[in-house]
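Asks: So that we are looking at the same thing, I have put the structure below in structure tokens.
The values are calculated or read from the model by the stated rules, or taken from the named source; none is laboratory data. Predicted, not measured: the structure shown is a model, and the values here were computed from it. Glycine gets a Cβ as well: all are built from the backbone with ideal geometry, and neighbour counts include every protein chain shown. Side chains are part of the model used for accessible areas, which takes the heavy atoms of the whole protein and leaves out ligands, DNA and RNA. Shrake-Rupley method; radii C 1.70, N 1.55, O 1.52, S 1.80 Å.
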Amino acid sequence: MAVRKFLLISIDCLRYDALSRTNPRLDTPKFDVLTRDYELADRFFVAAPATRPSHTSLFTGLYPFEHGLFGQTYLKMFHGVTDLMHLLQRHGFEVSGHSERPDVFRFLDYEPFIGPMDPQARNQCLGSIEPALDMLEKSGDAPQLRFFHFWYTHGGYGLNGIELDPGLRELVRNGRAQEALRYYYAAVVQVLEFRVVEILKRIDLSEWAVFLFGDHGEGFDPEVMAHGDQQIHQNVARVPLLTHLPVDGWRLPEGTLSMIDLFPTICDLSQIDGGYRGYGRSLVNSKSRHGRWVLTELDSLYGGPGFLHPGNLETEHHRVTSRIAIDEKTLERNPQGRRQWSISDGDVLFRYDETSGEYVLREMTTGRDLDCDDPTLFRARYQALLDGTAYGDLRTQDETDDEKAVLVQRLRDLGYL
């Protein structure tokens, strides 16, 4: 029997250790009771360490190199990519998204479905979730997909207007990361215990499939303080996934899972054929995923820090003339920008920087760097993903001269030119 109700809850910057199951210091008793029967994935990885490309991978089941949103400041997706919201709407589902930062989805194909959490609030993080809850209750038995996106755990961690001395970055740099993390954990508790709880209380688990996850983590490490620090880090790439499926006897597959798995899972449960040909694997199939390698991609070559300010996000849609151009003028290159990727099997993470050629092999659980005299095996795994994609024809779209030059340089870095 097909599942007809789906709830997706995305918490920006949710680290793997930001749940009481993985960190007993977090005090979230109401949330813990409501999710006690949910499955927890301990090897779940995002496809990108930034909000826009990560959510695009969620809604398409594709890696960034496949859907076209290579990084946070890329403006549009490739044409012709199927996204979950349009797909389910075409099959009769009520579809809506409610975000504490809806403008971050500007210019993306699924943008029309995502509005503010509270239309009356000036600051969405301080607004009410009652309008969204009313919508849930009034929907009744209708087939539906509901998406909630919480932003309070992002960047400021609720610290706006509070001056710290020393600041969080300085605390981490001076070896006081646990002290800095207290502020972040406080924001997580606020979201889980006082906002997410109110949503989960209204869900009948016999009818709803529920997915709660981080769109990426947060560093709090001397190497990477925040997810936007131009580096893929294990604290950023690995996030929690809490899942409930209304399927008798179902268990979450063991092994390595990815954000791209949620799209085929929802298609599988709803019995909708979305024509999917990506690398994602439905979680309905509980077969072990041990030995699987998954990809995380970072690209900050354009725009630079702070590019997604209201002025740019309020640009009229017709002026966005390519994925990296406004009014046919290519975005400025970011002098500190880089293109980087990592692959992980859950035990180790290999990271390669195509801009500098630097690489590292790291133990996931401890963060300890391992010897890696020859990166050839890992680069070959990455290249196999590029070569094996069923969406390679999309990559020729919308390419400016700058993008073509970047691709040529990418191939040179990989030793193919």
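Asks: Which condition number does Ser356 fail, the rest of (1) touching a residue at least 12 places away in the same chain (Cβ under 8 Å); (2) closer than 30 Å to Met1 by Cβ; (3) of a type outside the set (A, V, I, L, M) being met?
Replies: The failed condition is (2).
Asks: Oh, and also: Output the residue which, of all residues in segment 282-302 that are under 19 Å from Ala2 (Cβ atoms) and in contact with an Asp or Glu (Cβ under 6 Å, 6 or more places away or on another chain), is most open to solvent (accessible area, probe 1.4 Å).
Replies: For segment 282-302, the residue satisfying everything is Val284.
Asks: Take Arg202 and decide whether it is open to solvent by 10 Å² or more (accessible area, probe 1.4 Å) and under 19 Å from the mean Cα position of the chain (by Cα).
Replies: Judged against the criteria, Arg202 is not a match.
The rows are residues; the columns are (1) open to solvent by less than 20 Å² (accessible area, probe 1.4 Å); (2) acidic (Asp, Glu); (3) part of a helix (DSSP H, G or I).
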residue: Met1; (1), (2), (3): no, no, no
residue: Ser10; (1), (2), (3): yes, no, no
residue: Cys13; (1), (2), (3): yes, no, no
residue: Phe44; (1), (2), (3): yes, no, no
residue: Phe59; (1), (2), (3): yes, no, yes
residue: Gly71; (1), (2), (3): yes, no, no
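Asks: Pairs under 9 Å by beta carbon, first residue on the phi > 0 side of the Ramachandran plot in segment 298-312, partner open to solvent by 30 Å² or more (accessible area, probe 1.4 Å), six or more apart or different chains?
Replies: Partner pairs satisfying both residue conditions: Gly303/Gln72; Gly303/Asn312; Gly303/Glu332; Gly303/Arg333; Gly304/Glu332; Gly304/Arg333; Gly304/Pro335; Gly304/Gln336.
Asks: Something else about it: Of everything in segment 344-356 that's over 17 Å from Phe44 (Cα atoms) and open to solvent by 30 Å² or more (accessible area, probe 1.4 Å), which residue is nearest to the chain's Cα centre (by Cα)?
Replies: This residue is Thr355.
Asks: Please go through (1) more than 20 Å from Arg52 (Cα to Cα); (2) touching a residue at least 24 places away in the same chain (Cβ under 8 Å); (3) open to solvent by 40 Å² or more (accessible area, probe 1.4 Å) for Tyr184 and return the number of the only condition it doesn't satisfy.
Replies: Exception for Tyr184: condition (3).
Asks: For residues that are open to solvent by 30 Å² or more (accessible area, probe 1.4 Å), outside any helix (DSSP H, G or I) and closer than 14 Å to His149 by Cα, tally how many sit in segment 95-122.
Replies: Of the residues in that region, 2 qualify.
Asks: Follow-up question, since we're still on this one. Which one of the conditions (1) touching a strand residue (DSSP E or B) at 6+ places or on another chain (Cβ under 7 Å); (2) of a type in the set (A, V, I, L, M); (3) surrounded by fewer than 21 Cβ atoms within 10 Å (Cβ to Cβ) does Leu257 fail to meet, given that it meets all the rest?
Replies: (3)
Asks: Now, a different point. If I filter segment 240-253 for residues that are part of a helix (DSSP H, G or I) and surrounded by fewer than 18 Cβ atoms within 10 Å (Cβ to Cβ), do I get at least one hit?
Replies: no
Asks: Looking at segment 303-310, can you tell me whether even one residue there is in contact with a His (Cβ under 8 Å, 6 or more places away or on another chain) and either surrounded by fewer than 22 Cβ atoms within 10 Å (Cβ to Cβ) or at pLDDT 95 or above (or both)?
Replies: There is no residue in segment 303-310 that is in contact with a His (Cβ under 8 Å, 6 or more places away or on another chain) and either surrounded by fewer than 22 Cβ atoms within 10 Å (Cβ to Cβ) or at pLDDT 95 or above (or both).
Asks: Testing Leu308 on (1) under 19 Å from the mean Cα position of the chain (by Cα); (2) part of a helix (DSSP H, G or I), one condition comes back false. Which one is that?
Replies: Going through (1) under 19 Å from the mean Cα position of the chain (by Cα); (2) part of a helix (DSSP H, G or I) one by one, Leu308 breaks only (2).
Asks: Would you confirm whether or not segment 86-94 contains a residue that is in a loop (DSSP other than H, G, I, E, B), surrounded by fewer than 23 Cβ atoms within 10 Å (Cβ to Cβ) and touching a Leu at 6+ places or on another chain (Cβ under 7 Å)?
Replies: Yes, there is a match, as at least one residue in segment 86-94 is in a loop (DSSP other than H, G, I, E, B), surrounded by fewer than 23 Cβ atoms within 10 Å (Cβ to Cβ) and touching a Leu at 6+ places or on another chain (Cβ under 7 Å).
Asks: Look at segment 123-155 and say how many of its residues are open to solvent by less than 20 Å² (accessible area, probe 1.4 Å), assigned to a loop (DSSP other than H, G, I, E, B) and touching a helix residue (DSSP H, G or I) at 6+ places or on another chain (Cβ under 8 Å).
Replies: Residues that pass the stated criteria total 2.
Asks: Pull up segment 359-386, narrow it to residues that are charged (D, E, K, R) and at pLDDT 95 or above, then point me to the one that is surrounded by the fewest Cβ atoms within 10 Å (Cβ to Cβ).
Replies: My answer is Asp371.
Asks: One residue is enough: does segment 18-37 have a residue meeting the conditions crowded, with 23+ Cβ neighbours inside 10 Å, assigned to a strand (DSSP E or B) and in contact (Cβ under 8 Å) with a residue 12 or more places away in the chain?
Replies: No: zero hits.
Asks: Output the number of the condition that Leu298 fails; it satisfies all remaining conditions of (1) within 21 Å of His55 (Cα to Cα); (2) in a loop (DSSP other than H, G, I, E, B).
Replies: (2)
Asks: Among the listed residues Ile232, Ile272, Ile266, identify the single one that is over 30 Å from Arg362 (Cα atoms), open to solvent by less than 40 Å² (accessible area, probe 1.4 Å), in contact with a strand residue (DSSP E or B) (Cβ under 7 Å, 6 or more places away or on another chain) and at pLDDT 95 or above.
Replies: Ile266
Asks: For segment 314-332, give me each residue that is crowded, with 16+ Cβ neighbours inside 10 Å and within 24 Å of the chain's Cα centre (by Cα).
Replies: Val320, Ser322, Arg323, Ile324, Ala325, Leu331
Asks: So which residues in segment 311-357 are under 18 Å from Met77 (Cβ atoms), part of a loop (DSSP other than H, G, I, E, B) and touching a helix residue (DSSP H, G or I) at 6+ places or on another chain (Cβ under 7 Å)?
Replies: Passing the criteria: only Ile324.
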